[in-house]
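Quick one: the structure is below, and I'll ask about it shortly.
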Amino acid sequence: MSAPMNTRLPSKDIYHFTIRSNIYQLVLLSLLIFLPWNTNTVLDIVSHTLWSSEILMGTILISNFFIGLYISQKSNFVKKSVSYKIRATVKGAGFYSLAACFFHVIAVLYGAPFFESVPQTFHFGALLASTAVFPGLCILGLSVSSWVRIFSQNGADLGPESVVQISALSSIVGAWIGAFPIPLDWDRDWQEWPITCMMGTLLGYMTGLALASVHLCVRYNQLRKQKIT
């Protein structure tokens with residue numbers, strides 16, 4: 001039986017920062033994805049899939065790194081030694097790399113080309129790891145119990161943890177839905193592997209950010225009213 005989501009009221013600073021960071025990512029990703037569409041520029045995911053995915057990955061990674069940095073300043077992480085922080089960063093980078101390889105293998109098992117399009121498949125795996133795993137590494141760190149609590153027991157705290165939970169699941173669902181147009185006989189450029197899966201991942205991640213923001217706003221106001229009364 002899953003535990004209910006934590007109903008502890010987050011601090012006002014964390015609440016406002018989480019909403020602002022979600023909006024920032026939504027606006028920035030929307031500009032990077034939709035404005036260059038069919039422009040044949042380096043940001044066009046159809047004509048320059050690898051370059052554009054690297055730019056989008058970099059945007060997501062840098063954004064979540066600074067989000068995690070701010071959250072860590074509010075926790076006991078800032079009290080840790082420099083050597084501990086370095087080890088945690090190296091381990092986090094290692095887990096992110098393993099996640100990218102894991103999603104690469106999963107994509108191949110689900111029908112992605114084994115010998116052909118290896119760079120494209122790995123870029124898809126890295127993109128999915130950037131949206132589904134890296135934000136969790138920045139917020140949760142390497143604590144196995146925290147990952148289990150959030151993804152197996154539905155015990156995410158209201159705030160950044162709930163954003164991590166919702167956006168990660170939405171990214172995975174989006175990547176899965178993105179595979180549906182590939183086998184259709186439409187002969188479109190954007191049906192080439194892995195463009196639709198990348199777009200599904202990105203749109204799923206953005207949908208998760210939007211849903212998490214709405215959820216956070218509604219629950220925060222409900223809990224604050226209950227606290228006042």
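The values are calculated or read from the model by the stated rules, or taken from the named source; none is laboratory data. It should be emphasised that the depicted structure is a prediction, and the values quoted were computed from it without experimental measurement. Here the Cβ is made from the backbone with ideal geometry for all residues, glycine too, and neighbour counts use every protein chain on show.
Inside segment 182-229, can you point out the residues that are in contact with a helix residue (DSSP H, G or I) (Cβ under 9 Å, 6 or more places away or on another chain), of a type in the set (A, V, I, L, M) and assigned to a helix (DSSP H, G or I)? Outline the logic, then answer.
First, the residues of segment 182-229 that are in contact with a helix residue (DSSP H, G or I) (Cβ under 9 Å, 6 or more places away or on another chain): 182-184, 189-190, 192-213, 215-217, 219-220.
With of a type in the set (A, V, I, L, M) added as a condition, the list becomes 182, 184, 195, 198-199, 202-203, 206, 209-212, 216.
Residues satisfying the conditions are I195, M198, M199, L202, L203, M206, L209, A210, L211, A212, L216.
Would a scan of segment 113-126 turn up a residue that is of a type in the set (S, T, N, Q) and in contact with a Leu (Cβ under 6 Å, 6 or more places away or on another chain)? If you could, list the steps in order and put the result at the bottom.
Step one: of segment 113-126, the residues of a type in the set (S, T, N, Q) are 117, 120-121.
Adding the requirement that they be in contact with a Leu (Cβ under 6 Å, 6 or more places away or on another chain) leaves none.
Looking for residues that are of a type in the set (S, T, N, Q) and in contact with a Leu (Cβ under 6 Å, 6 or more places away or on another chain), one finds none in segment 113-126, hence no.
Among all residue pairs at least 6 apart or on different chains, which show Cβ distances below 9 Å where the first residue, located in segment 73-90, is under 17 Å from S143 (Cβ atoms) and the second is outside any helix (DSSP H, G or I) and modelled with pLDDT under 70?
Within 9 Å, the pairs are A88/K80.
Here is a yes/no grid of residues against (1) under 22 Å from the mean Cα position of the chain (by Cα); (2) of a type in the set (A, V, I, L, M):
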{"residue": "N40", "(1), (2)": "no, no"}
{"residue": "L43", "(1), (2)": "yes, yes"}
{"residue": "L50", "(1), (2)": "yes, yes"}
{"residue": "E54", "(1), (2)": "yes, no"}
{"residue": "S83", "(1), (2)": "no, no"}
{"residue": "T89", "(1), (2)": "yes, no"}
{"residue": "G92", "(1), (2)": "yes, no"}
{"residue": "A100", "(1), (2)": "yes, yes"}
{"residue": "H104", "(1), (2)": "yes, no"}
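Given (1) free of Cβ contacts under 8 Å to residues at least 60 places away in the same chain; (2) surrounded by 19 or more Cβ atoms within 10 Å (Cβ to Cβ); (3) hydroxyl-bearing (S, T, Y), where does T201 come up short, assuming only one miss?
(1)
Also, quick follow-up: In segment 133-171, which residues are within 25 Å of K12 (Cβ to Cβ), assigned to a loop (DSSP other than H, G, I, E, B), small (G, A, S) and out of contact with any Ser or Thr (no Cβ under 7 Å at 6 or more places or on another chain)?
Result: G141, G155.
Could you list, in sequence order, all residues of segment 82-139 that are loosely packed, with under 14 Cβ neighbours inside 10 Å, more than 26 Å from S152 (Cα to Cα) and of a type in the set (F, W, Y)?
Answer for segment 82-139, where residues must be loosely packed, with under 14 Cβ neighbours inside 10 Å, more than 26 Å from S152 (Cα to Cα) and of a type in the set (F, W, Y): Y84, F114, F115.
Any idea which residue in segment 35-56 is farthest from G204 (Cα to Cα), counting only those that are in contact with a helix residue (DSSP H, G or I) (Cβ under 7 Å, 6 or more places away or on another chain) and in a loop (DSSP other than H, G, I, E, B)?
Among residues in segment 35-56 that are in contact with a helix residue (DSSP H, G or I) (Cβ under 7 Å, 6 or more places away or on another chain) and in a loop (DSSP other than H, G, I, E, B), the one farthest from G204 (Cα to Cα) is V42.
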